[in-house]
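Notes to accompany the following structure.
The values are calculated or read from the model by the stated rules, or taken from the named source; none is laboratory data. All values derive from a computational prediction rather than experimental measurement. Cβ: placed from backbone, ideal geometry, glycine included. Neighbour counts: every protein chain shown. For the accessible areas, the whole protein counts, side chains as well, though only heavy atoms, and no ligand, DNA or RNA atoms are used. Shrake-Rupley method; radii C 1.70, N 1.55, O 1.52, S 1.80 Å.
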Amino acid sequence: MPLLHPLEYSAATHPGLKRGNNEDCFLSAPDADLWVVADGMGGHEAGEVASAIVRETFEEFIHRGAPFSLAEAIQKSHEIILSSADKGIGAQGMGSTVVALLSQKNSYQVAWVGDSRAYLWVPDEYGGELTRLTTDHSYVQMLYASGVISAADVEKHPDKNIITQCLGMQELAQVKVDVTLGQWQKNQWILLCSDGLTDELSDSAIAQILEHSPNSLTAVDQLLHEALTNGGRDNITLQIIESPIANVTTGNRLWQWIPAITTNRKMDAVIFLGAITALLGLLINTLI
């Protein structure tokens with residue numbers, strides 16, 4: 001019988017080695033079971049404005065306290081980027097990609113616009129399997145889907161970074177938000193990332209790092225390190241979210257008694273056990 005745990009996650013962002021500013025942005029909101037990565041574009045004081053608008057829009061939806069869909073928040077982000085540019089906030093032509101994960105107990109949904117990606121990692125006795133959950137909204141993806149180029153040509157194509165839609169694209173009154181649904185299984189991880197990671201690491205290279213990572217923190221550190229080692233030509237942002245499902249063992253049952261004090265369950269356990277130890281010490285002292 002599966003037991004649901006609060007979702008553990010790790011995240012990192014880096015400007016890369018070739019750029020002076022970071023136009024990427026991310027949101028980690030474990031209390032809302034929401035994670036977002038946005039990759040801004042448009043240059044200094046434009047791309048970072050657009051991606052920040054995406055994050056702030058999602059935060060506003062969270063603060064309302066009412067249920068919302070990822071597609072709804074993404075469309076609103078698109079509208080605000082357009083109107084902000086008209087008001088002189090940022091710059092005309094600024095835009096952003098987005099990929100977002102919303103966990104809902106045993107299930108999850110992923111929504112995206114542009115070429116920021118989500119991957120599902122499933123470990124097994126042979127190492128594990130990495131599956132791409134998203135399909136890039138890009139020119140080369142259109143060429144591949146129509147049979148003009150092969151899968152091997154996609155990663156080497158000179159136009160692979162040309163996207164067919166993004167938030168803030170002035171030609172679009174609305175963007176087409178793609179959504180995929182899934183069911184959590186034990187030990188799964190979901191990786192969200194900007195193209196700064198996937199431009200430097202192939203899917204097989206990502207899978208190899210995940211296979212040899214004992215936890216999500218190590219995996220994030222190693223993925224970022226390898227992307228920088230391979231050139232770090234763009235901003236790099238990634239988050240790994242761990243499945244909330246675990247087998248019911250004696251240890252897992254004990255987690256049910258640990259109160260949620262912070263957003264880190266291991267820290268919650270340390271604080272809780274420290275408080276219990278202190279109380280036991282006081283009780284012993286009063287009895288002596």
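In this structure, is ILE80 open to solvent by less than 20 Å² (accessible area, probe 1.4 Å), more than 30 Å from ASN215 (Cβ to Cβ) and in a helix (DSSP H, G or I)?
Taking the combined requirement at face value, the residue does not satisfy it.
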_Complete set of residues in the stretch 203-212 that are open to solvent by 10 Å² or more (accessible area, probe 1.4 Å) and within 18 Å of the chain's Cα centre (by Cα)_ = ASP203, ALA207, ILE209
*Quickly run through the stretch 47-64 and pick out the residues that are surrounded by 22 or more Cβ atoms within 10 Å (Cβ to Cβ) and among the aliphatic types (A, V, I, L, M).*
VAL49, ALA50, ILE53, VAL54
*Check off (1) without any contact (Cβ under 8 Å) to a residue 12 or more places away in the chain; (2) of a type outside the set (Val, Ile, Thr); (3) open to solvent by less than 50 Å² (accessible area, probe 1.4 Å) for PRO67 and give me the number that stays unchecked.*
(3)
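Collect the residues in the stretch 194-232 that are part of a loop (DSSP other than H, G, I, E, B) and on the phi < 0 side of the Ramachandran plot, keeping them in residue-number order.
Scanning the stretch 194-232 gives SER194, ASP199, GLU200, LEU201, SER202, HIS212, SER213, PRO214, ASN215, ASN230.
Which residue, of ILE276, ILE271, is at pLDDT 70 or above, over 33 Å from the mean Cα position of the chain (by Cα) and in a helix (DSSP H, G or I)? Walk me through it before giving the result.
Working: ILE271 fails: over 33 Å from the mean Cα position of the chain (by Cα).
Exactly one of ILE276, ILE271 is at pLDDT 70 or above, over 33 Å from the mean Cα position of the chain (by Cα) and in a helix (DSSP H, G or I), namely ILE276.
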*Limited to the stretch 139-193, what total is found for residues that are among the hydrophobic types (A, V, I, L, M, F, W, C) and touching a residue at least 60 places away in the same chain (Cβ under 8 Å)?*
15
*Evaluate the stretch 245-266: report whether one residue or more is open to solvent by 60 Å² or more (accessible area, probe 1.4 Å), over 30 Å from GLY43 (Cβ atoms), of a type outside the set (S, T, N, Q) and modelled with pLDDT of 75 or more.*
no
*Of the numbered conditions (1) touching a helix residue (DSSP H, G or I) at 6+ places or on another chain (Cβ under 6 Å); (2) modelled with pLDDT under 95; (3) open to solvent by less than 40 Å² (accessible area, probe 1.4 Å), GLY43 satisfies every one except a single condition; which is it?*
(1)
*Count of residues meeting criterion [open to solvent by 20 Å² or more (accessible area, probe 1.4 Å) and part of a helix (DSSP H, G or I)] in the stretch 85-143*: 5
*In the stretch 176-193, how many are open to solvent by 10 Å² or more (accessible area, probe 1.4 Å) and either hydrophobic (A, V, I, L, M, F, W, C) or on the phi < 0 side of the Ramachandran plot (or both)?*
12
*Residue by residue through the stretch 1-32, note down the ones that are at pLDDT 95 or above, open to solvent by less than 50 Å² (accessible area, probe 1.4 Å) and either of a type in the set (D, E, K, R) or closer than 20 Å to LEU102 by Cα (or both).*
SER10, ALA11, ALA12, GLU23, ASP24, CYS25, LEU27, SER28, ALA29, PRO30, ALA32
